[in-house]
Structure formats: structure tokens, C-alpha cells
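Trainee: Below you will find the structure I want to go over with you.
We did not get these values from a lab; they are worked out from the coordinates using the rules stated. Just so you know, these numbers come straight off a predicted model, no measurement behind them.
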Amino acid sequence: MAKVFVYYTGGTVGMVPGPDGEHPAKKGDFTKELRRHPELFYKKDGGWFLLPPLATDDCPAKLQVSYKVEEEDNPIDSSKMTPNLWVYFANKIKENAEEYDGFVLLHGTDTLAYTSSALSFLLRGLKKPVVVTGAQRSLFEPRSDAVENILGALLIAGGYCRDPALQLVSVFFNHRLFQGNRVTKYDCDAFDAFNSPNVEPLVEMGVTIEVNARPFPVPNNWLPICDWDSLPDVRILRLFPGITENYVKCVLAGDGGVILETYGSGNAPDDDWFIDALKAATDRGVLILNCTQVYKGSVRPIYETGTGLEKAGVLSGFDITPEAALTKMLWCLRVTQDKTERKEIMKNSICGEMTIIE
């Protein structure tokens, strides 16, 4: 028996259609709706919902998946997500880690990639599957993708809970499982809403279940951060043609970190004022991480304009996603105050969030 904790936080997956548009389900209604779907509910046994016995037939361990559901009192629209809520989710999972074998977090899709990325750092070393999913159409609607997404997430969190390669934070959507800190939302209208541009899916669920995941070493020396009452000052500087010196200096005026979104393979203007502004910020101790604006690819200092950034103290983000870059920077600034240690964290892959190119 595999025990899974399902946590409904909000989002489209639990919205109820009405004459005035969609609105969140009342507390308890989402759990009741789950029971109406035979793919998700076979029977109740001692307070646990059971998946149909045949559901895990092609999972190697062939475990019976049981689960309990907790619903947020006031479902959270994903556009209202905050870093404090990431910490709240992480702590809830940590508090229940002994009782459950895996976790499913139901979430709105708009900021889902930020949450899955943040949780990968906050729950680093948990060594249990945490699967984040949602839906493009509500579970309460016909032709919904919610059933398949929830079922797939339950199969991973429960049926594969003993697989070390899947004991991490991941995202399940449209029959594919992605590494949680490698995913981005790229389509607002299709069921195939998420993709992982620089690494292949961990699992593909077709007629058979194909597991591509390979375990990577994750140390246990960082624990979830429990106190984000004051957020680090992290800013985003996205380059564009005609960007002005005043604009750049305003963004760089903080005292925390900056995600620098550059062109192509990490290129930026080589004007003296631009490089000098970056150098002045890094000299003050501001962390600056270079990420590409391009959907797929990696930062590589192959042009002179890119190598100038290195000389200014800018760190390479390689192929990290913008969502992972932001959440890693916030996490890094909270987990240590040592400037040298911060640089080491940001320029290395902490939990598989980027591919280091030597």
C-alpha cells in the first residue's frame, strides 16, 4: 500500500462553472467531485480513497495507491501566489513526510512552474515524490484534462514512490512528467500546456509507461526555509534594444540579486556604461545571474559581448529557466548570508536545475 497526500490549493482544476463565470468550489465539494470519477475513486477504506486495483498494473512495484485529500479553506488563484505560500506548502509537506509515501499538489497553471521550482529547493533532500499538477479545464466540466492529470500524478506519487529517480519535485501534465525546476508554461490554450525545453520528460505515459529519469545525487545539508517574513530584494533585468543607462542603473540599485535576461546564448551590449554598471553592482555584493531570453538553449560566452559579462562578475545560469532562476535566487539569499557561499550556490547545479557547461 502506498499512501499519498493530495493537497488542493486552488486553480482551474477546482473551478465550478456558473451563470456569472467560474468560481472556486466550496470546501468539500472538490473531494466529493473526485468520488464521481471511477478512474480516481474505487472505494473508501478506513478514511482512505483507493485507486482502482488495475490502475498500477504497469507500475513495477504494483502497489495499491491510497490517498487522502486536504482542501484549502480559501482556494488560491495562482496569479496571487507568493513566496510565503511556497514556504507554507513546503512546511505542510514536511510536516506530513512521515505519514505519507508521496505528495500531489493541485495548483493553478499560471504560476505553477514557479511553485514547482521553488519547492525543488525548499524540499531539497526530502527523497519522496512531490508531484505538482493542475488542469486547463475544471474537474467539474465535461472534456476536462483534470482526471488524467490527477490520475497520472497519483500514479507517480504512489505507484513509483520507491523509485529513487522520481523522489523529487516534478510536474505532471498531459501524460508527461517533468522535473519541477526545468518546466515552463508555454501554451495557454492547449492541454499540452507545459514543457521542459532543455531536458527530456522524466516519464511519458502512453500505451505503456516509459521512465526516462535517472537519479542524481542530492545532499541532505539544506532544509526547508521556515521564515520568509521579509523577502530578499531580487529583480529582473530583461534586455531590449534601446535600453537606457538610467533604466539599467535603477534595476541594479538593489542590494540582493538580479536575474539578467540576455539575448541568444548570453549576449548583451558591450558599452562601457553597461559593463561598468554591472561591475559596480557585483562589487557591492549583488548577485547577478545571466539567463537567456530564448525558450530553449544555454548561456555560452562564445562572443566578446558575453565574455564582458564574466569580467563584470556576472554568473552564468547556463540553461536554467526564468522560473527556476528567480526561485533559486530567492532561496539562496535566505539560506546563507555568506557572499562566497552564495556565489557557489548560484553558479552550481544544486538539484538538477541547470546543465553546467565546462
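Trainee: Between the helical axis of 272-283 and the dominant principal axis of the chain, each derived from Cα atoms, what acute angle in degrees is found, rounded to the nearest 10?
Mentor: Roughly 60 degrees, rounded to the nearest 10.
Trainee: Run down the lysines and flag those whose C-alpha is under 20 Å from the C-alpha of LYS32, throwing out any fewer than 8 positions away in its chain.
Mentor: LYS3, LYS43, LYS44, LYS68
Trainee: To continue, here is another question. Straight-line reach only, C-alpha to C-alpha below 20 angstrom: list the aspartates and glutamates that LYS27 could link to, leaving out same-chain residues fewer than 8 apart.
Mentor: LYS27 reaches GLU70, GLU71, GLU72, ASP73, ASP77, GLU141.
Trainee: Grab the alpha carbons of the range 55-173, take their convex hull, and tell me the volume per residue in Å³. Intermediate results must be reported in sequence, preceding the final value.
Mentor: Details: hull volume 13.3 nm³, N = 119.
Hull volume normalised by residue count: 112 Å³.
Trainee: May I ask for the Kirkwood hydrodynamic radius of the range 155-224, worked out over all distinct Cα pairs and given in angstroms to one decimal?
Mentor: For the range 155-224, the Kirkwood estimate is 13.1 Å.
Trainee: Just for the Cα atoms in the range 233-276, what are the lengths along the principal axes, largest first, rounded to whole Å?
Mentor: Its Cα atoms span 26, 21, 16 Å along the three principal axes.
Trainee: Among the lysines, which fall within straight-line cross-link reach of LYS279, defined as a Cα-Cα distance under 21 Å, with same-chain neighbours fewer than 8 residues apart omitted?
Mentor: Partners found: LYS249, LYS311, LYS339, LYS343, LYS347.
Trainee: Another question about this same structure. D for the range 1-91, whole µm²/s, Stokes-Einstein with Kirkwood Rh over alpha-carbon pairs at 25 °C and 0.890 mPa s: what number? Intermediate results must be reported in sequence, preceding the final value.
Mentor: On the way: Rh = 14.9 Å.
Answer from the Stokes-Einstein relation: 165 µm²/s.
Trainee: Report Rg/Rh for the chain, rounded to two decimals, where Rg is the Cα radius of gyration and Rh the Kirkwood radius.
Mentor: Details: Rg = 21.2 Å, Rh = 21.2 Å.
Radius of gyration relative to Kirkwood radius: 1.00.
Trainee: Only helical DSSP H runs with n ≥ 4 go in: add -39500 (n - 2.57) per run for the chain, normalise by residue count and round the 222 nm mean residue ellipticity to 500 deg cm²/dmol. Before the final figure, lay out the partial values.
Mentor: On the way: 9 runs with 89 residues, N = 358.
When only DSSP H runs of four or more count, the value is -7500 deg cm²/dmol.
Trainee: So, one more: Could you tell me the relative contact order of the chain? Use alpha-carbon pairs under 8 Å, at least six residues apart, and round to a whole percent.
Mentor: So the answer I get is 15 percent.
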